[in-house]
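Q: Have a look at the structure that comes next, please.
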Amino acid sequence: MPASPKTLPILDLRRFAPTHPERQQALADLREVSRTLGFFYLTGHGVPQQEIDDLAVLARRFFSLPDAQKLEIEMRRSPHFRGYNRAGFEYTRGKQDWREQVDFGPERERLQISPKDPPWQRLVGPNQFPSALPELRPAVLKWIDDVTDIGLKVLQAFSEALGQKPDVFAPIYSNGPNQLLKLVRYPGRDETESDQGVGAHKDGGFVTILLQDVVGGLQVDDGEGGWIEAPPIRGTFVVNVGELLELASNGYLKANIHRVVTPPAGGDRLSIPFFLGANLAATIPVLELPPALAAEVRGVTQDPLNPLFREVGRNVLKSRLRSHPDVAREHHADLLEEQVKDGSPA
């Protein structure tokens, strides 16, 4: 048996360009790593290092604000699950995650919803931005645009690696993909009640594009009972397969389990993950793979405690209700009552 990998591979986005001489090999590399680990470092993405550094500085400035100024945009004030959370206020599989964070999405008007409308429409709405740091708003919205562009290029590469047209997923994201950006600070072990920065989980979208600062902590399941460390590499993003791609490929691609461990005492860790998903109104299709790939399909992994739905909005709303119980109780108590009545694990 080959030894399990100890590091994540590095892929160059430029090699997927239609005219690049190594394009076919790049697609083969992408297919292999995404079928096995589901994680890789990405270079050649085109985001200037200065823009990366500037956003990290702004994130640090936000987390350095007095609590009262951060709590001005507390997530509990937003029915759309946007805004700031103190450490210990988000949960993974029922256990507290020890990180403070602020969540942003696309700037959209709140929908006028009737009782007959799908509940996921409650997720659509504006962001909250701190009045004490006005520079954050334009920087965040530009970053969302820039990493969305990268995510769509990666998604097109995935499509071709699966023997599809590059725009095969366009019908389910072109009317407005689901976008979520987090600025996250993990306090050191001396300030937490456990070493769970974020508990072991899979990501729910198409792809995740993660910017790490200088302190490690991300670990990826190696499939053999251990964990692969994914330390920061300057100028790269960590990209991973989300559950929507696993669903669409019937399990050919792997949405892998990962976690973040709390930094050592006396320090902290900054990370900026971006999650790109399909339009909330979309339903995920099952792709017809070429025979050689179809023969290797293994089916979608199902967790009875966290059921997967092909209806995107239903999946996203389920995730947010579970991970942010304070927001759920504040704004969506009726949905929680319905779930108790029908016995839904979501």
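The values are calculated or read from the model by the stated rules, or taken from the named source; none is laboratory data. Note that the structure is a prediction, hence the values are computed from the model and not measured. Cβ placement follows ideal geometry from the backbone for every residue including glycine, while neighbour counts extend to all protein chains displayed.
Condition check ((1) among the β-branched types (Val, Ile, Thr); (2) assigned to a helix (DSSP H, G or I); (3) surrounded by 14 or more Cβ atoms within 10 Å (Cβ to Cβ); (4) out of contact with any helix residue (DSSP H, G or I) (no Cβ under 9 Å at 6 or more places or on another chain)) across all residues:
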position: Leu253; (1), (2), (3), (4): no, no, yes, no
position: Leu270; (1), (2), (3), (4): no, no, yes, no
position: Glu288; (1), (2), (3), (4): no, no, no, no
position: Gly299; (1), (2), (3), (4): no, no, no, yes
position: Arg314; (1), (2), (3), (4): no, yes, yes, no
position: Leu317; (1), (2), (3), (4): no, yes, yes, no
position: Arg329; (1), (2), (3), (4): no, yes, no, no
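Q: State which residue is nearest to Asn240 (Cα to Cα) when the search covers only segment 26-50 and only residues that are in contact with an Asp or Glu (Cβ under 8 Å, 6 or more places away or on another chain) and assigned to a helix (DSSP H, G or I).
A: Residue satisfying both the conditions and the ranking: Arg35.
Okay, residues lined up against (1) under 30 Å from Asp190 (Cβ atoms); (2) of a type in the set (D, E, K, R); (3) modelled with pLDDT under 95:
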position: Gly266; (1), (2), (3): yes, no, yes
position: Leu280; (1), (2), (3): no, no, no
position: Thr283; (1), (2), (3): no, no, no
position: Leu305; (1), (2), (3): no, no, yes
position: Gln339; (1), (2), (3): no, no, yes
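Q: Quick one: would you say Asp221 is in contact with a strand residue (DSSP E or B) (Cβ under 9 Å, 6 or more places away or on another chain), surrounded by fewer than 21 Cβ atoms within 10 Å (Cβ to Cβ), closer than 19 Å to Leu245 by Cα and not hydrophobic (A, V, I, L, M, F, W, C)?
A: Details: in contact with a strand residue (DSSP E or B) (Cβ under 9 Å, 6 or more places away or on another chain): yes; surrounded by fewer than 21 Cβ atoms within 10 Å (Cβ to Cβ): yes; closer than 19 Å to Leu245 by Cα: yes; not hydrophobic (A, V, I, L, M, F, W, C): yes.
Criteria met by Asp221.
For every residue, the table says whether it meets (1) part of a helix (DSSP H, G or I); (2) aromatic (Phe, Trp, Tyr); (3) in contact with a Leu (Cβ under 9 Å, 6 or more places away or on another chain); (4) more than 30 Å from Leu293 (Cβ to Cβ).
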{"position": "Asp54", "(1), (2), (3), (4)": "yes, no, no, yes"}
{"position": "Ala59", "(1), (2), (3), (4)": "yes, no, yes, yes"}
{"position": "Pro79", "(1), (2), (3), (4)": "no, no, yes, yes"}
{"position": "Tyr84", "(1), (2), (3), (4)": "no, yes, yes, yes"}
{"position": "Tyr91", "(1), (2), (3), (4)": "no, yes, no, yes"}
{"position": "Ile144", "(1), (2), (3), (4)": "yes, no, yes, yes"}
{"position": "Gln156", "(1), (2), (3), (4)": "yes, no, no, no"}
{"position": "Ser159", "(1), (2), (3), (4)": "yes, no, yes, no"}
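Q: Are any of the residues in segment 109-116 at pLDDT 95 or above, out of contact with any His (no Cβ under 8 Å at 6 or more places or on another chain) and over 17 Å from Val316 (Cα atoms)?
A: Within segment 109-116 (the criterion being at pLDDT 95 or above, out of contact with any His (no Cβ under 8 Å at 6 or more places or on another chain) and over 17 Å from Val316 (Cα atoms)), the answer is no, since none of the residues qualifies.
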